[in-house]
Each structure stands twice: as C-alpha cells, then as structure tokens.
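Have a look at the structure below, then the notes.
The values are calculated or read from the model by the stated rules, or taken from the named source; none is laboratory data. Fair warning: this is a prediction, and the values are worked out from it, not measured in the lab. Ideal geometry is used to build each Cβ from the backbone, glycine not excepted, and the neighbour counts take in all protein chains shown. What goes into the accessible areas is simple: the full protein's heavy atoms, side chains included, and nothing from ligands, DNA or RNA. Shrake-Rupley method; radii C 1.70, N 1.55, O 1.52, S 1.80 Å.
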Amino acid sequence: MRIIRNQQIPLSACLRRWTARPRGPGSWWLIPCLCASLAHAQTTDRSLAERVQALERQVAELSQQLGAPATSSSASPTRTVDTGLEARVSALEAQLQQLLAEHPRTPGSNAPSDALASSAANPAPQISAPPLRALQTTAAPETAETRLPIAGYMEMNFTKPDQRPATLDFRRFVLLFGHSFSDRLKFWSELEVEHALVEGLEEKGELELEQAYLDFLVHPALNFRGGMLLTPMGIINERHEPPSFYGVLRPQVDTVIIPSTWFDNGVGVFGDWGKGISYKFYGMSPLDAAGFSAEEGLRGGRQKGSQSFLQNWAQALRVEYRGLPRLVLGTSFWNGKSGFDVPNVNPVVRIAEFDGRYRWRSFEFRGEFATAYITKARELNQALQRRKGINPNIARQMRGFYLEGAAHLLPRQSQHDLVGFWRYENFDTQYRMPRGFVPLKQFDRSLWTFGATYYPHPDIALKADYQVYRNESTVVSTPNQFNLGLGWWF
C-alpha cells in the first residue's frame with residue numbers, strides 16, 4: 001500500500017503474492033497487523049508518521065525472524081514527517097518484495113486463509129451499527145452460536161417495446177438474513193420487495209417472504225430442511241440473482257412453464273452422494289389449479305406460503321451431476337394434486353425438467369427443457385367456466401425449451417468481464433389440449449434474445465439486449481422489445 005496524504009491505494013496484488021508463498025510459522029501473525037496498519041488512514045501528518053514508524057518496526061521484526069538483514073528503512077523509529085513519508089513507504093514496499101522473493105513458506109506451515117488476506121487488504125468501511133461477530137457463549141466450539149452475514153441483491157430494468165411507451169422499474173429489492181445456531185443448525189431467509197411500492201395489489205408491487213428455513217446438518221449425504229423453501233426446479237428458480245444469468249429478463253420457459261420465482265412451505269432432505277451427485281427432495285404445498293391460465297400457464301397457481309391449502313402434499317425432486325470439469329447436468333420432477341379449490345375436480349400436475357450447463361475456454365452453453373402435464377384438464381376448464389363465466393382454456397400439456405450460448409470477450413487477466421450472448425426459446429402453454437377445446441395459436445411462442453452483459457465487478461452486471469417475439473397466430477402479434485438492466489448482489 002502506498003500512502004499519500006489523506007489517501008490509500010491498496011496493493012492487493014502484493015498481498016496475494018504474500019499469501020500464495022509459504023512462510024515460517026512464526027511470521028504469519030504479522031501479516032494482519034501489517035495490513036491493518038496500512039489500511040486505516042488518518043488525516044494528519046503526525047498520525048501518518050506514527051503509522052509508518054510502526055510499519056518499519058514490524059518489517060524489521062519480520063526480517064529478524066526470517067534471518068534477513070534489516071535495511072536502513074526499518075531502523076529509524078525516531079524519524080519525523082519531514083523525512084518524506086512517501087519515500088519511507090516505498091522503501092518498506094521494496095523490502096517486503098525482497099522478503100517475498102527470498103523466503104518462501106515451508107510446506108505444512110500455518111498460513112492465513114484467503115478470506116483473512118482479502119479482508120485485511122480491503123477493509124470494510126466503518127458503519128454506525130456494530131459488526132456481526134460470533135456470540136460469546138459458554139458452549140463447546142462445535143455448538144458455538146454465530147451470526148451469519150447479511151446479503152442481498154437488487155435489480156432495475158428499462159424496457160421499450162416497439163410502438164409502446166418505455167418503462168423504468170426498480171424491479172426487485174431483496175435482503176437475505178441468516179443465523180448459525182451451531183455447526184449443525186443453521187437458518188436462512190430472503191425478503192423481497194417487487195416494483196418498489198406495495199399498495200395491496202400485485203401490479204403495484206409485492207412484499208414476499210421467498211425463503212425462511214432451518215437446516216439440520218447430519219451427514220453430507222443426508223440433511224434435513226424445513227420452512228419456506230424455493231422449489232428445486234430448473235436452473236433459474238434457485239439461482240435467480242441478476243448477475244447469475246445473461247439477459248435483462250429471465251427466460252420465459254422459467255416464467256410460464258416453471259413459474260419462477262416459485263416457493264412455498266415445505267420440509268425435506270438434501271445431500272451429496274459423492275462423485276459429483278447431489279440431490280434435494282421436498283414435500284411442499286401444492287399448486288392451486290384455479291389460478292392456471294392459457295397465457296401464463298402454471299404461474300397463477302403459486303400459493304406462496306400464505307395460508308396454503310394442503311389437502312395433499314406435493315413432491316419435488318432435483319438431482320444434479322457435477323462429476324466432470326466445467327459441466328453441470330440436472331433434472332427435476334414435481335408431482336401434486338392441485339384441485340382443492342375446485343369442487344369435485346382434483347387434477348394432478350406433473351412437471352419434468354432437464355437442463356445442462358457447460359463452459360469451454362471463453363465460451364458458455366446452457367440449455368433447458370421442461371414439460372407440464374395436467375390431468376382432468378377438461379373437467380377443470382368446465383368447472384372454472386361455471387364459476388367465472390369465462391373459459392380459461394387450460395391445456396393438458398405445456399412445453400418449453402431454450403438454448404443459450406455466450407462468449408467472454410475480454411482477456412482472462414482483465415479485472416472486468418464483457419459477455420456477448422444469444423438465447424432461443426420456444427414455449428407453448430397450449431401444446432396439447434383436452435378433448436373439446438381448441439388451442440390458441442398466439443400462445444405458441446418463440447423468442448430470440450441478443451445482448452451483452454458488462455461486469456465492472458463480478459457481483460455487478462450492466463445488461464442490454466433486444467428481444468424478437470414470434471407466435472403462430474396470424475391475428476395477434478407480440479411486439480419486439482429493447483431492454484436495459486442494472487443488477488448487483490453482495
């Protein structure tokens with residue numbers, strides 16, 4: 001770190017080199033001290049001089065422990081500010097680099113973790129609230145209670161359909177809170193505000209509790225979970241933070257066929273079977289068939305954990321394979337009776353999904369296929385038409401898939417990232433109709449999305465794309481759309 005009057009410029013690269021090379025066991029405790037001294041800038045020349053003197057003493061002590069001769073830069077604790085602070089810090093930097101080159105760490109010595117090095121090199125700004133830390137308890141170490149950090153993500157979108165007004169929407173504001181009661185009992189939650197404003201109607205915004213569950217960790221292959229759960233279905237539903245997917249808007253297959261974000265009350269088990277295979281199996285509140293529609297498919301059937309009807313449990317299963325480098329394969333299944341709110345009709349909803357992700361050099365590929373089956377769709381349509389006076393024209397089978405390719409356009413050594421991508425989707429919420437009902441061709445849709453995402457930081461995404469909509473109807477058309485997005489997580 002070079003200290004110039006009232007400024008700090010962290011030498012993170014220097015610190016990474018330090019942590020990458022093994023040191024003697026007795027020298028590692030000086031690293032946090034050295035980093036902390038460098039990190040906290042003061043506004044007066046006297047305080048700067050005092051900190052530089054402390055650094056010189058620490059480097060001298062480190063040199064002595066390593067058996068390296070101390071240089072003149074570290075042997076003058078009585079110097080004052082008039083001798084040139086910048087020159088003295090430069091000398092300290094040179095000596096540290098020399099120590100790095102001459103004294104590699106021996107195998108088996110105790111090195112600080114990457115997290116310690118990172119936090120020392122990039123200290124968090126001071127805030128008025130006390131920092132989260134381990135609670136002081138008398139329990140044994142394996143049962144010690146620890147506060148987990150606060151996390152979250154935000155998303156703002158600009159959309160401009162052809163021949164229609166543009167909109168600017170702060171789409172999501174999400175905070176995640178956690179707590180570790182012990183090494184085997186942990187809690188996590190997610191609270192989301194949609195569209196920035198809540199007035200009691202969904203189009204004016206929503207306040208949702210998307211996750212709130214306890215994990216009971218027993219064994220890597222078998223653990224228990226209960227509370228408000230994300231349905232383990234597809235790629236996006238459990239990984240929907242803006243920097244994690246390309247494009248301003250989520251894929252439509254993960255909106256109408258898999259109704260992301262999909263969550264409800266449930267309990268279940270999860271674990272890792274080894275050799276790259278992991279699983280989740282939950283019993284959850286079912287979908288509500290009274291909310292299904294021709295245009296949005298299953299989306300309106302989510303109960304969202306609010307006094308969810310539970311005439312029958314639904315079952316959700318997801319299995320992922322990560323046994324090969326750069327490849328992830330997954331499959332998901334859902335099964336549940338969903339007609340508790342429709343008299344004398346209790347259709348079963350079954351969903352099957354398959355997905356894959358692969359990265360080769362600077363290229364990424366992603367694909368997903370999902371299909372949904374609804375039994376007794378004819379009886380369901382007739383019952384809802386009698387109730388509402390309008391035929392919902394719900395299909396007995398819905399189907400969708402998408403393919404996506406992306407290329408990282410900047411060199412790997414760059415601190416930023418620029419990704420160009422394309423995505424093709426085909427989704428039909430009227431794929432197979434029950435006897436006596438005719439499919440509406442405007443709901444047999446395809447969508448091309450072309451765009452780019454710029455990452456000034458791995459956790460911040462600036463997005464732009466253009467979407468070309470098509471459907472099979474000769475009467476109803478969907479306008480193309482230009483989108484801009486800003487998303488981040490922490």
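Ser278: in contact with a strand residue (DSSP E or B) (Cβ under 7 Å, 6 or more places away or on another chain) and open to solvent by less than 40 Å² (accessible area, probe 1.4 Å), yes or no? Answer is yes for this residue.
All of Val198, Val253 fail the test of being among the β-branched types (Val, Ile, Thr) and more than 23 Å from Leu317 (Cα to Cα), apart from Val198. Close contacts from region 352-366, counting a first residue that is without any contact (Cβ under 8 Å) to a residue 60 or more places away in the chain and under 25 Å from Asn335 (Cα atoms) and a second that is of a type in the set (Ser, Thr, Tyr) and open to solvent by less than 40 Å² (accessible area, probe 1.4 Å), with Cβ to Cβ under 6 Å and a gap of 6+ residues or different chains, come to Ala352/Thr371; Phe354/Thr331.
Residues in region 359-396 that are at pLDDT 90 or above, among the hydrophobic types (A, V, I, L, M, F, W, C) and open to solvent by 20 Å² or more (accessible area, probe 1.4 Å): Trp360, Phe363, Phe365, Phe369.
Report whether or not Leu317 is at pLDDT 95 or above, of a type outside the set (D, E, K, R), under 20 Å from Gly367 (Cα atoms) and open to solvent by less than 70 Å² (accessible area, probe 1.4 Å). Yes.
Scanning region 323-347 for residues that are under 30 Å from Phe365 (Cα atoms) and either outside any strand (DSSP E or B) or in contact with a Gly (Cβ under 9 Å, 6 or more places away or on another chain) (or both) turns up Gly323, Leu324, Pro325, Arg326, Leu327, Val328, Leu329, Gly330, Ser332. Restricting attention to region 183-200, the residues being assigned to a strand (DSSP E or B) and open to solvent by 20 Å² or more (accessible area, probe 1.4 Å) number 7. Tallying residues that are at pLDDT below 95 and open to solvent by less than 50 Å² (accessible area, probe 1.4 Å) within region 445-490 yields 3.
Report yes if some residue within region 376-391 is assigned to a strand (DSSP E or B) and touching a helix residue (DSSP H, G or I) at 6+ places or on another chain (Cβ under 8 Å); otherwise report no. Checking region 376-391: not a single residue is assigned to a strand (DSSP E or B) and touching a helix residue (DSSP H, G or I) at 6+ places or on another chain (Cβ under 8 Å). In the condition set (1) touching a helix residue (DSSP H, G or I) at 6+ places or on another chain (Cβ under 6 Å); (2) assigned to a strand (DSSP E or B), Ala406 is compliant with all but (1). Restricting attention to region 409-431, which residues are charged (D, E, K, R) and open to solvent by 40 Å² or more (accessible area, probe 1.4 Å)? Passing the criteria: only Arg412. Are any of the residues in region 303-313 open to solvent by 30 Å² or more (accessible area, probe 1.4 Å) and of a type in the set (D, E, K, R)? Yes.
Here Arg299 meets each of (1) modelled with pLDDT of 95 or more; (2) of a type in the set (Lys, Arg); (3) surrounded by fewer than 20 Cβ atoms within 10 Å (Cβ to Cβ) with one exception, condition (1).
Answer yes or no: is there a residue in region 253-267 that is surrounded by fewer than 17 Cβ atoms within 10 Å (Cβ to Cβ), among the aliphatic types (A, V, I, L, M) and touching a Gly at 6+ places or on another chain (Cβ under 6 Å). Yes. Taken together, the residues in region 260-299 that are out of contact with any Lys or Arg (no Cβ under 6 Å at 6 or more places or on another chain), of a type outside the set (Ser, Thr, Tyr) and over 23 Å from Gln430 (Cβ atoms) amount to 15.
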